[in-house]
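Undergrad: Can you read through this structure? Questions will come right after.
The values are calculated or read from the model by the stated rules, or taken from the named source; none is laboratory data. Just so it is clear, the model here is predicted, and its values are computed rather than measured. In this analysis, Cβ positions are derived from the backbone assuming ideal geometry, glycine residues included, and neighbour counts consider all displayed protein chains. Please note that ligands, DNA and RNA were not included when accessible areas were found on the heavy atoms of the full protein model with its side chains. Shrake-Rupley method; radii C 1.70, N 1.55, O 1.52, S 1.80 Å.
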Amino acid sequence: MMVALGLSCQARRVPSWMNELPKAGNSTYLYVRESGEGPSYSQALNQALARVMQSTANRIGQPFDSQKINESLQKGTGYEVISRQYNIPINKVDEYAVPLKNGSYRVYVLCQVAVSGNVQPQWETLERAGESSNWTSLAKSAVIPGLGQMGKGYYGEGIAMLVGEVACVGTGVATFFMAKEDIEIMKDYTTGYADFAAARKDYNTLRTTNLIAWGAAGALYVYNLVRAFTMQPKSTDRLVFEPSLLMTPQGMAPSAGFAIHF
């Protein structure tokens, strides 16, 4: 049997709730994040959901049989059905899967859970984490250039963006006031010809530098906004091993593929 090696690249959007849990919109529920691992995606997801159910049941004082819960999940029973059967109020709002090096999966789930057993939760819709993160980063970088990039984990680029913007604006302001001094010298009727010529030459240089500085500041600011909105949050899983299939002249063959996430 032929085995092929392949290299694949794919973008991965890391939801913002992986770093910070969102705030509940009302006092009847709260957010929890759990993870599970398994040889398949569905098994890892079931383990993560079972952990959410167990932690919620323990917190609100509901009876919980972990073996029955796991068996029900493995049979394909929806977590919503199990949640109602055992009176464990949870609402899954998002999930994020990470392929591991050994071919298995780690799945993270974000769920809304009831604050207590005697309160009827009022579930609310959560924006897709990537979209919320992009708009939030755009707003941050609109106020302070580079802040949106830092919020997505690109601290080096964010700091460079901020320093570059400050340098451009600072140069623009400094050359503006220095050019004004040269104008005052040229306006002074007591100024000699040599001083007038030197001031005029200096003024032309400062004026050109001023225009370049403000142009660069504007271009950098726009680029800063575009980057803050479009760049993906950093993921810690940069290079992973993923078994897959690859088309060969003899047909489909197992492929030992490496996926680079960026």
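Undergrad: What are the ³J(HN,Hα) couplings of region 146-156, residue after residue, when phi is run through the Karplus curve with 6.51, -1.76, 1.60 and θ = phi - 60°? Round to Hz, x for glycine and proline.
TA: x, 5, x, 5, 4, x, 9, x, 9, 5, x
Undergrad: To continue, here is another question. Once phi is turned into θ = phi - 60°, what whole-Hz ³J(HN,Hα) does the Karplus curve with 6.51, -1.76 and 1.60 give for every residue of region 191-198, x standing for Gly and Pro?
TA: Ordered by residue, 3J(HN,Hα) equals 5, x, 5, 5, 5, 5, 5, 5 Hz.
Undergrad: Over 30 Å between Cα atoms: which of 23/140; 101/140; 23/152; 23/75 fall into that group?
TA: Pairs exceeding the cut-off: 101/140; 23/75.
Undergrad: So what's the net charge close to residue 45: Lys and Arg +1, Asp and Glu -1, counting the other residues with Cβ under 15 Å from its Cβ?
TA: Its environment carries a net charge of 0.
Undergrad: So, one more: Please list, ordered by chain and number, the residues whose modelled amide H lies under 5 Å from the amide H of residue 115; skip anything fewer than 5 residues away on the same chain.
TA: Those lying under 5 Å, H to H, from residue 115 are 29, 30.
Undergrad: First compute the accessible area of region 48-112 with a 1.4 Å probe, then give the percent of it belonging to carbon and sulfur atoms.
TA: 41
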